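What follows is a set of notes on a single structure, which appears directly below.
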Amino acid sequence: MTEQTTEISNKTETDNQNKVPIAKNAGAKAWKKYAILGIVILLCVIGFYAYVKYTEIYPSTDDAYVNADVIHMSAQVTGKLDKLYISNNQEVKKGELLFTIEPQSFEYELAKAKADLTLAQEEVAAIKDSINLQEAKLKQAQAQKFVAEQKEARIAKLVAQGMVSKEDADEAKGDLEVANANVNAAFASIAQEQKQLTLQQSKIAAAKADVSTAALNLSYTKIYASTSGFVTNFTLRPGSLITQNQNLFVLVSNEAYWLDANFKETQMSRMKVGQKASVILDMYPNVTLHGTVQSISEGSGSVFSLLPPENASGNWVKVVQRFPVKVVLDQSEVNKVPRLRVGASATVEVDTNS
């Protein structure tokens, strides 16, 4: 009996000694779990803080689109399309001839305007010759008047002396009146010719203006590219009737590209004009372009929309507003990509420390 009791006691002590390391191992494992969890939480907090600071310093948006000067080409005169030198989506250079309008009617108008100008100039020359003639007649009439005045004065003295009859005096007086009338008539003729000259000179000015207008309209029959770029939305065919100021096609300039990036108002606190930006296009995700903030809109996009929101009535839900920011691309980097296309989506990140 005593031996059994001793054996049980020894077994119990052995079991207790085995349980102590197991308990220590369990506690160590629990401490490690809590330590790892704490480290993970700390790393998450640090990562979140770093992310918040990064997004504050480097605000970004994927609500951005490539833009360029889009020119709606039109003709300034009406006529039939004569010759076509371009096709849809073709690249053109500034000053390149795109198409022509049939010039015959405009050439006729120019020739007619030049003929009218020549006729008006000839009429002016004729009036000037007539004025010269009238001025010569005036001098002759004035000379005759002078002679008549001298004669009338002499006869008047002789009449007073009784040496000449009254009939001779009346004749001399009549000659003087005729001479005065001739002088007045010459003056009147010259004045009338001067009026005609002024009127005809105004016709010359109008005729010159008609010539300039006709020449300008004739030059409008040749349509040139106003900028280098790409022709698009082009459907013209030879013989098509083109009307003045009709939208014919679009010329997208490739001389300057920019992005219209819409940033949230919560991202605008540090943003300024002149800061540097990096751009990644969705169609070229492996290429990073660079640009500069050129302008920041003074109003959110909703303010300038066709139907701005009315928040003073009805149920109102606060929505974070977005402000358009213009980021001009560095033209020296544009050749990094095969082609930039207007409307292409992009992600823009601004360095507010730059």
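The values are calculated or read from the model by the stated rules, or taken from the named source; none is laboratory data. Computed from a predicted model, the values in this text were never measured in an experiment. Every residue, glycine among them, receives a Cβ derived from its backbone with ideal geometry; neighbour counts consider all protein chains shown.
Worth pointing out:
- Leading residue by the ranking (farthest from the chain's Cα centre (by Cα)) among those in the stretch 74-133 that are farther than 30 Å from PHE187 by Cβ and β-branched (Val, Ile, Thr): THR118
- On the stretch given as the stretch 207-220, residues that are over 11 Å from GLU109 (Cα atoms) and either β-branched (Val, Ile, Thr) or touching a residue at least 12 places away in the same chain (Cβ under 8 Å) (or both) total 3.
- Hey, LEU241 touching a Leu at 6+ places or on another chain (Cβ under 9 Å) and surrounded by 13 or more Cβ atoms within 10 Å (Cβ to Cβ) or not: no
- The test for being assigned to a helix (DSSP H, G or I), assigned by TED's automatic domain parsing to the domain that holds ASN180 and not β-branched (Val, Ile, Thr) holds for LYS114.
Yes/no matrix, rows are residues, columns are (1) out of contact with any Leu (no Cβ under 6 Å at 6 or more places or on another chain); (2) at pLDDT 90 or above; (3) under 30 Å from SER278 (Cα atoms):
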{"site": "TYR49", "(1), (2), (3)": "yes, no, yes"}
{"site": "ILE57", "(1), (2), (3)": "yes, no, yes"}
{"site": "SER60", "(1), (2), (3)": "yes, yes, yes"}
{"site": "GLN76", "(1), (2), (3)": "yes, yes, no"}
{"site": "SER87", "(1), (2), (3)": "yes, yes, no"}
{"site": "ALA111", "(1), (2), (3)": "yes, yes, no"}
{"site": "ASP129", "(1), (2), (3)": "yes, no, no"}
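- Residue in the stretch 245-261 that is of a type in the set (D, E, K, R), closer than 30 Å to ASN353 by Cβ and touching a strand residue (DSSP E or B) at 6+ places or on another chain (Cβ under 9 Å) present: yes
- Some residue of the stretch 274-288 being under 21 Å from ASN353 (Cα atoms), aromatic (Phe, Trp, Tyr) and in contact (Cβ under 8 Å) with a residue 12 or more places away in the chain: no
- Of the residues ASN233, ASN254, ASN217, the single one that is surrounded by 17 or more Cβ atoms within 10 Å (Cβ to Cβ) and at pLDDT below 95 is ASN254.
Per-residue answers, yes or no, for (1) of a type in the set (A, V, I, L, M, F, W, C); (2) within 15 Å of SER60 (Cα to Cα):
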site	(1), (2)
LEU259	yes, yes
SER278	no, yes
THR288	no, yes
GLY291	no, yes
SER300	no, no
VAL303	yes, no
ARG322	no, yes
VAL350	yes, yes
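- Of everything in the stretch 160-183 that is aliphatic (A, V, I, L, M) and either in a helix (DSSP H, G or I) or in contact with a Ser or Thr (Cβ under 6 Å, 6 or more places away or on another chain) (or both), the residue that is modelled with the lowest pLDDT is ALA169.
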